[in-house]
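The values are calculated or read from the model by the stated rules, or taken from the named source; none is laboratory data. Everything numeric here is computed off the predicted structure, so don't read it as measured data. Glycine gets a Cβ as well: all are built from the backbone with ideal geometry, and neighbour counts include every protein chain shown.
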Amino acid sequence: MDVIFGHCWRCENAITREVNCRQCGVAKYCSDTCCRRDQYRHQPECEEWRPKQCSNPTCTSDSRQSLKECTSCNEASYCGKICQKAHWKDHKHKCRERAQEIRMKGAALQSYFKQRRGIPLAVPYYFGNTLAVDMLNVQANECSCEQEPGDKDPLKSDYFILSAGCGNLRNWIHTVASLPAEFSGKLHTFLNDFDPFVQARNVLQLYMMVMHRDEDNIATSITNIYYSLKLSAKDYNLLVNCLTALQDLTATGLNEITGGVIRLTDADMAPMREVWQSWLNLECRKGHPNYIDLHKQRQEGFRNSPDAAEGIKVYKTELPDEFVQSYDDYLATGNFQPLGSKRDDLQYDNPTLTGYRHPYLGGVDMGEVQRILASPKKLEFVYCIEENMNPFGSWDYLKVKKNHYHISMIVMFHGYITDQIQQVLKCLKAGLLTVSFVVWNCLELSVRLNPELCKVDRIFTSNMADYAGTQPLLKVMTPYLNRGNKCSVIVTQYRHWYALFPDARITSPETAGEDRIEVMSNCIAAAVKDTHIDTKESSLNNSRLMSVECKKAMARGSFFFQEYFNYMIYFVNYLRAEYVAFNEPLEDVSDELRNVVNMQNAFEHLGLGRDVACIPKAASLGASTTKPLPPPSFQEVKHTEGLKLRDFRRGELNKVAPYRYRRNVRRVNLLRGMQRMLEWYIP
């Protein structure tokens with residue numbers, strides 16, 4: 001759950017008198033009122049967590065505690081072999097079909113991961129496409145564990161974090177800003193990404209924080225440079241001075257001048273230096289003959305991207321009305337400036353929003369990717385922020401609103417991010433931080449980072465599992481885990497999994513089959529009731545009003561209804577299919593079935609924000625009526641590479657990053673409601 005431990009799952013206030021959901025006992029509230037108001041949102045997860053009935057309709061037992069799940073389909077549960085045998089005649093067709101489906105989709109995934117052979121080369125992720133996460137969360141982990149005699153105070157201990165495929169600095173910034181005020185240990189972070197453009201920007205921003213931490217309003221200037229298309233003369237001069245200094249430093253010199261905060265090798269620094277030099281060589285002053293005109297480049301990108309236009313349209317329908325004007329302002333200008341800034345003062349374009357804009361090369365071998373990126377100066381530097389990205393998708397709206405509410409989205413988010421950076425500056429002044437940068441493929445990380453010498457307490461892998469698969473990722477990362485810390489954990493993230501299981505997604509009524517209309521109608525009604533229950537509780541029984549509100553909800557897009565649909569089993573079966581892909585030869589699956597789905601295109605489309613055509617069900621692929629080989633059970637999946645998965649199906653909540661986010665309370669964020677995060681720990 002995405003609420004701080006000890007806080008209400010509805011209103012997020014601290015709980016003084018705990019009220020548990022009467023059915024599952026997992027969800028916790030501060031009052032009966034919050035419990036009742038959360039009934040529609042909580043219903044899908046409650047269905048999974050509450051005690052289940054025996055699937056045999058003739059069963060007379062009242063026991064719900066000792067049921068065992070069918071390991072083949074994970075959808076039926078029985079109190080014993082007698083009931084399982086009695087129900088088999090009715091259950092076997094669906095069970096065998098599900099088993100066949102998992103194996104065939106395992107073959108599709110096997111083909112997909114083989115085709116990919118690495119990580120996608122698209123554009124640098126300067127903004128980020130998921131919410132910032134506290135990668136340490138020491139209060140919910142070490143501080144909550146029972147201390148044994150001789151244990152060091154968790155708030156005085158040192159911690160090590162490895163962020164693989166780190167992207168921009170948002171996760172690190174939020175992690176540091178979330179450290180308890182009493183924390184006096186040291187936080188050592190390894191930031192790994194194969195993209196030298198992203199890492200050059202990260203090093204630049206951290207260098208600004210270290211070298212200018214005592215200057216007034218430096219956090220504001222860094223936020224401006226982080227996100228704004230246009231900069232003032234003051235901010236642009238700060239940027240130029242830092243780039244000039246960085247291009248002349250060696251790795252050793254950078255380490256020394258930052259007091260040991262920034263650590264990297266000369267090999268890692270070489271391609272970054274080319275990025276810094278290229279940014280310096282761009283003419284950013286309007287009116288100059290060689291002016292880069294990023295505004296023009298940005299607008300051309302919008303015009304050439306019909307997907308972006310559709311995405312913006314849907315996004316605006318979801319926005320609360322008070323934010324639409326400020327969002328339109330951001331769309332028109334790309335400027336991300338604090339309250340009181342004058343547009344006439346912003347005379348310089350921001351060169352750090354430029355980089356390569358390479359065609360999507362999802363199937364390119366990682367060695368070829370690294371060859372292309374080895375010499376950035378040979379690539380064309382253009383405005384490279386994808387049209388469907390904005391600064392409002394990287395930071396949790398609930399936290400932003402709580403601390404910095406303003407009618408302008410720009411002012412609100414700018415103030416919050418500036419405060420986060422201000423907290424980082426305090427930790428830098430206190431000498432609590434070191435950051436090591438590694439520019440390398442995370443799947444071959446041992447080439448650059450010795451696992452025998454580097455042991456970490458947290459490993460955050462972004463959504464690298466979408467591209468590499470869970471098992472290969474865990475195999476690479478597990479040797480780095482600090483086994484001396486019982487709270488050590490690896491976090492894996494999944495954004496694109498539902499391309500393989502399209503039935504997991506609620507679609508619009510126009511495209512839904514007859515068997516889904518009732519499901520959709522129930523989800524739409526639940527969405528409307530949930531999003532109105534706090535302010536229009538008396539109106540929920542007004543059928544005419546409900547009809548109007550349902551139409552409005554449908555206009556917001558099908559993802560609006562997602563969190564009211566229990567699609568847990570589809571994600572479970574995705575994990576099982578992925579396990580099949582890496583653990584079985586699948587000779588019994590024909591080449592025709594292997595190639596029936598072009599997973600490469602499906603995932604590429606998802607990455608670009610387009611819908612994916614439904615993947616045929618097992619029955620339509622010619623599923624055999626003979627008994628198929630049973631796929632691996634979820635119990636097998638939960639024990640991978642010597643690690644154990646926190647069982648999200650049994651209400652075992654994550655302790656570092658939330659398994660899922662509540663979507664409709666974050667209408668300003670770019671959430672589809674399908675992202676999942678898993679935690680793997682040492683049993």
Quiz item: Can LEU109 be described as under 30 Å from PHE5 (Cβ atoms) and either out of contact with any strand residue (DSSP E or B) (no Cβ under 7 Å at 6 or more places or on another chain) or surrounded by fewer than 16 Cβ atoms within 10 Å (Cβ to Cβ) (or both)?
Solution: no
Quiz item: For LEU445, which of the numbered conditions (1) surrounded by 18 or more Cβ atoms within 10 Å (Cβ to Cβ); (2) in contact (Cβ under 8 Å) with a residue 24 or more places away in the chain; (3) in the same structural domain as ASN290 (by TED's automatic domain parsing) fails to hold?
Solution: (3)
Practice problem: May I ask you to list pairs of residues, at least six apart or on different chains, whose Cβ atoms are under 9 Å apart, with the first in region 1-18 being surrounded by 19 or more Cβ atoms within 10 Å (Cβ to Cβ) and the second being outside any loop (DSSP other than H, G, I, E, B) and β-branched (Val, Ile, Thr)? | Solution: CYS8/VAL19; ARG10/THR33
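I need the full set of residues from region 448-471 which are part of a helix (DSSP H, G or I) and either surrounded by fewer than 16 Cβ atoms within 10 Å (Cβ to Cβ) or among the hydrophobic types (A, V, I, L, M, F, W, C) (or both), in order please. Even if it seems obvious, please write down each step before you answer.
First, pick out the residues of region 448-471 that are part of a helix (DSSP H, G or I): 465-468, 470-471.
Matches in region 448-471: ALA465, ALA468.
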Quiz item: Which of (1) at positive phi; (2) touching a helix residue (DSSP H, G or I) at 6+ places or on another chain (Cβ under 6 Å) is the odd one out, the single condition SER462 does not satisfy?
Solution: (2)
Quiz item: Exactly one of (1) in contact with a helix residue (DSSP H, G or I) (Cβ under 8 Å, 6 or more places away or on another chain); (2) in a loop (DSSP other than H, G, I, E, B); (3) loosely packed, with under 15 Cβ neighbours inside 10 Å; (4) modelled with pLDDT under 95 is unmet by GLY259. Its number?
Solution: (4)
Quiz item: So is THR71 over 21 Å from GLN635 (Cα atoms) and either at pLDDT 95 or above or surrounded by fewer than 17 Cβ atoms within 10 Å (Cβ to Cβ) (or both) or not?
Solution: no
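Do we have GLU322 as assigned to a helix (DSSP H, G or I) and in contact (Cβ under 8 Å) with a residue 40 or more places away in the chain here? Break it down stepwise before answering.
Values: assigned to a helix (DSSP H, G or I): yes; in contact (Cβ under 8 Å) with a residue 40 or more places away in the chain: yes.
Yes; evaluated as a whole, the condition is true for this residue.
If I filter region 364-383 for residues that are part of a helix (DSSP H, G or I) and aromatic (Phe, Trp, Tyr), do I get at least one hit? Don't jump to the end; show me each part of the working.
Here is the first cut: in region 364-383, the ones part of a helix (DSSP H, G or I) are 366-373, 376-378.
After this cut, where a residue has to be aromatic (Phe, Trp, Tyr) as well, the list is none.
For region 364-383, residues part of a helix (DSSP H, G or I) and aromatic (Phe, Trp, Tyr): absent.
Which of the residues that make up region 154-168 are within 14 Å of the chain's Cα centre (by Cα) and among the aliphatic types (A, V, I, L, M)? Spell out the reasoning first.
Our first condition is that a residue be within 14 Å of the chain's Cα centre (by Cα); within region 154-168, this holds for 163-168.
ALA164, the sole residue that qualifies.
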Practice problem: Would you check if there is a residue in region 509-526 being at pLDDT 95 or above and of a type outside the set (Asp, Glu)? | Solution: no
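With ARG672, ARG667 as the choices, which residue is at pLDDT 90 or above and part of a loop (DSSP other than H, G, I, E, B)? Show your work before the answer.
Numbers: ARG672 fails: at pLDDT 90 or above.
After applying the criteria, what remains is ARG667.
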Quiz item: Considering ILE372, ILE417, which residue is modelled with pLDDT of 95 or more, surrounded by 14 or more Cβ atoms within 10 Å (Cβ to Cβ), in the same structural domain as MET269 (by TED's automatic domain parsing) and aliphatic (A, V, I, L, M)?
Solution: ILE417
Quiz prompt | Lone unmet requirement of (1) modelled with pLDDT of 90 or more; (2) surrounded by fewer than 17 Cβ atoms within 10 Å (Cβ to Cβ); (3) small (Gly, Ala, Ser) for ALA27 | solution = (2)
Self-check item: When residues of region 293-319 are limited to those that are in a helix (DSSP H, G or I), of a type in the set (S, T, N, Q) and in contact (Cβ under 8 Å) with a residue 24 or more places away in the chain, the one nearest to ALA555 (Cα to Cα)
Solution: THR317
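Quick check, is LYS426 in the same structural domain as LEU169 (by TED's automatic domain parsing) and without any contact (Cβ under 8 Å) to a residue 12 or more places away in the chain? Talk me through it step by step, then tell me what you get.
Numbers: in the same structural domain as LEU169 (by TED's automatic domain parsing): yes; without any contact (Cβ under 8 Å) to a residue 12 or more places away in the chain: yes.
Answer is yes for this residue.
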Practice problem: Keeping to region 384-395, report how many residues are closer than 7 Å to ASN669 by Cα and surrounded by fewer than 22 Cβ atoms within 10 Å (Cβ to Cβ). | Solution: 1
Quiz item: Mind checking which residues of region 122-172 are more than 21 Å from LEU432 (Cα to Cα) and among the polar types (S, T, N, Q)?
Solution: ASN129, THR130, SER144, GLN147
Exercise. Looking only at region 347-360, decide whether some residue is in contact with a Pro (Cβ under 8 Å, 6 or more places away or on another chain), touching a residue at least 24 places away in the same chain (Cβ under 8 Å), of a type outside the set (Gly, Ala, Ser) and in a loop (DSSP other than H, G, I, E, B).
Key: yes
